[in-house]
Structure formats: C-alpha cells, structure tokens
1. How large, in percent, is the carbon and sulfur part of the accessible surface of the chain at a probe radius of 1.4 Å?
2. For the range 88-161, what is the accessible area per residue in Å² when the probe is 1.4 Å?
3. GluC sites (Glu not before Pro), restricted to the range 86-156: which are DSSP loop and have at most 13 other Cβ atoms within 10 Å?
4. Label Ser96 and Tyr129 with points 7 Å out from Cα along Cα→Cβ: what is the distance between them in nm?
5. At a Förster distance of 22 Å, what's the computed FRET efficiency of Tyr156 paired with Glu115, Cβ-Cβ distance as r, to 0.05?
6. Which angle between 0 and 90 degrees, to the nearest 10, do you get for helix 3-15 versus the longest principal axis of the chain when only C-alpha atoms count?
7. Could you give the longest part of the chain that holds none of the trypsin sites (Lys or Arg not before Pro) found in DSSP loops with at most 16 neighbouring Cβ atoms within 10 Å?
8. In nm, what is the difference between 0.36 nm times the number of residues separating Leu5 and Tyr104 and their Cα-Cα distance?
Amino acid sequence: MTPILRIENNILESFKPLFTGEKFETPGKEKKELEFHKGFLPFESYKEKIQNGKDKNSDIPFVLLRYKEDEQELANGRYSAQAVWEIIIGTYKESSDGYSTGLYIADKLKKHLMEYPNVPRKFSVKQDYIKTKLLEAESSGYYWFHKIEFKTYAPYYDCKIPL
C-alpha cells in the first residue's frame, strides 16, 4: 500500500467512531448511521438496487473521503510534501433548514481534524488550511451536500545524486 493510500485509510478510520450510535434521516423516512466511503460512492446500477429491494437513493447519508492531489517542494535544501483531500457529505432532511444536518457532520469532522495537533495519529493535518462549503448546485429538494477541503503532511521522495 502506498503512503498516500495509508493516510487515506487512517483518516477514514478515525472518522467512524465520531458518529457511533448516531442516526440520520433517509429519503425512506427511516434513520440510519452514516456510511463512509473512499474515492467514490460504490457503483450499483438502478436495476441492481431495485432487484435488491433498495431505494434508488440508499447511499444517503454518507461521508466520502477523496484524494485530490499532492505536491512536493524543495526549499533551503529540505523537502516537504502535502496532500489535499476533500470530504463530500450527503444528507437528506425534509426541511428548509436541512442543510444544518450536513453542517453538523462537517463541523464534527473539522473539529476532529483540527484539534490536538500534538496528539499522535497516523496522519498529520496541516493546521493552516481547512475550507467548508455547501454545494448549492448539487443540493436540491431535500438532498443536501457539503464539501470540506483540507491538507495533510505527506511523505516525500528525495533523489540523492552523487556528484
């Protein structure tokens, strides 16, 4: 497993205990726990969902962690690297203030990412950048989507060329 994939796994695993026992509204009027995914939502065709007796929007509510990019720099003879991540939060609530459910989840995740930077974890968040926004174009009806963007320190690769 590459170092970036290891960081991705560690971040996602650290999120799960934050919401243990919490349930959120679904389009089917039920409540269920958050589902956590890496990269993309699992693909299941509409036909498969119907055959399995699932609602076409059964992925809601979810937290999706996605790698965006990483970069490495060399300054003053020292290498450093960082990776940029985004979290997409998908929720449903039949209310004009339904965005507040996603915002609650986003705030809880941000707090987890930003607090106690000196506590040893299996990843290190760069404390100088975190951004949250409502994805207005994607949110419609009672479906609400939020995005968090943040950075972590990443391993770097150096090249020592003998002269």
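1. Numbers: 5310 of 10250 Å².
About 52 percent, which is the carbon plus sulfur part of the accessible surface.
2. Each residue of the range 88-161 exposes 61 Å² on average to a 1.4 Å probe.
3. Glu94, Glu115, Glu136, Glu138
4. 3.8 nm
5. 0.30
6. On a 0 to 90 degree scale, this one is about 40.
7. Value returned for the longest uninterrupted segment is 57-120.
8. Details: separation 99, 0.36 × 99 = 35.64 nm, distance 2.70 nm.
Length difference between fully extended and current span is 32.9 nm.
The values are calculated or read from the model by the stated rules, or taken from the named source; none is laboratory data. In this text the structure is predicted, and so the values were computed from the model without any measurement. A quick note on method: Cβ atoms are made from the backbone with ideal geometry, for glycine too, and the neighbour counts reach across all protein chains shown. Note: areas computed on protein heavy atoms with side chains; ligands, DNA, RNA excluded. Shrake-Rupley method; radii C 1.70, N 1.55, O 1.52, S 1.80 Å.
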